[in-house]
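Working notes, beginning with the structure itself.
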Amino acid sequence: MDPTQRQLERSIGNGRLFLARGDLTRFPAEALVNAANSALAGGGGVDGALHRAGGPRIMAECRELIARIGRLEPGAAVATTAGTLPARYLIHTVGPVYRDGTRGEPAVLASAYRSSLGVAEELGLGSVAFPSISTGVYGYPLEAAAEVALPVLLQYLAENGRSVRRVGLVLFSDDAFDCYERVLRRLEASVEARAGD
Ligand code: ADP
């Protein structure tokens, strides 16, 4: 799959927000984000794909990290090197398992995006590409997840003095891309409506 097919970009502050339809494991960015589990044990979905594409060194680093920290709490993030992925770092974060949306899921999801950006910031990185965290096995409804993820990324880019100037999501299906694009347009329209008040 061509990772650059279907791409949308927006200038926000001094930075750029992108949405791309493609395979995160082939997307060039200084950091790729992994939708991991608390044990950093690998698994299916994007996690398994990133480990397969990046090689065994990533899992070796994950084991060392877990030996040190025990587990990675939902909403937190840590970095390893990226092995043979087209990135310098892989940032592992844990999204919420979705139950009914009233168990703090939006706050934990927002924290997963925000913590990952914080780790990228500490590493002085300029670009970060995310998957749609929690919307696979963890069951978060896609549109509700986009309504949490996009405002976090937009707000981050609008803040001054940030190292990450290029940030966005690589969506694995046309449906996911369409959904994120729709939510982005809706957020932009509501900002414009407020500016016009
Ligand atoms: P979670 O456990 O956080 O739900 P999953 O990996 O099951 O994580 O799914 C998260 C999202 O990642 C889903 O929307 C899924 O379609 C998507 N995904 C799976 N493989 C890839 C990939 N190679 N590149 C980008 N996104 C992917």
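No value in this document is a laboratory result; all are computed from the given coordinates. This one's a predicted model, so the numbers in the text were calculated from it and none came from an experiment. Here the Cβ is made from the backbone with ideal geometry for all residues, glycine too, and neighbour counts use every protein chain on show.
Size descriptors for segment 4-196 (Cα atoms only): Rg and Dmax, in that order, 15.7, 54 Å. Simple rule: put +1 on each Lys or Arg Cβ and -1 on each Asp or Glu Cβ in the chain, find the dipole, and look at L169, L32, L142; the Cα lying farthest toward the positive end is L32. Candidates S132, Y98, G75 compared by Cα position along the dipole of the chain: farthest toward the positive end lies G75, with charges placed on Cβ.
If you count the DSSP beta bridges with both ends in the chain, what percent of them are antiparallel, to the nearest 5? Bridges in the chain that DSSP calls antiparallel: roughly 40 percent. Of the residues A41, Y89, F18, the one whose Cα sits farthest towards the positive end of the charge dipole of segment 4-196 is Y89 (charges of +1 on Lys and Arg Cβ, -1 on Asp and Glu Cβ, taken about the Cα centre).
Using a simple charge model, +1 on the beta-carbon of Lys and Arg, -1 on the beta-carbon of Asp and Glu, nothing else, what dipole does segment 4-196 show about its Cα centre, in debye to the nearest 20? Walk me through the intermediate numbers first.
Numbers: 21 positive and 20 negative charges, 60 e Å.
With only Lys, Arg, Asp and Glu charged at Cβ, the dipole is about 280 debye.
The peptide list 46-53, 184-191, 153-160, put in order of mean Cβ contacts within 10 Å with the highest first, becomes 46-53, 153-160, 184-191.
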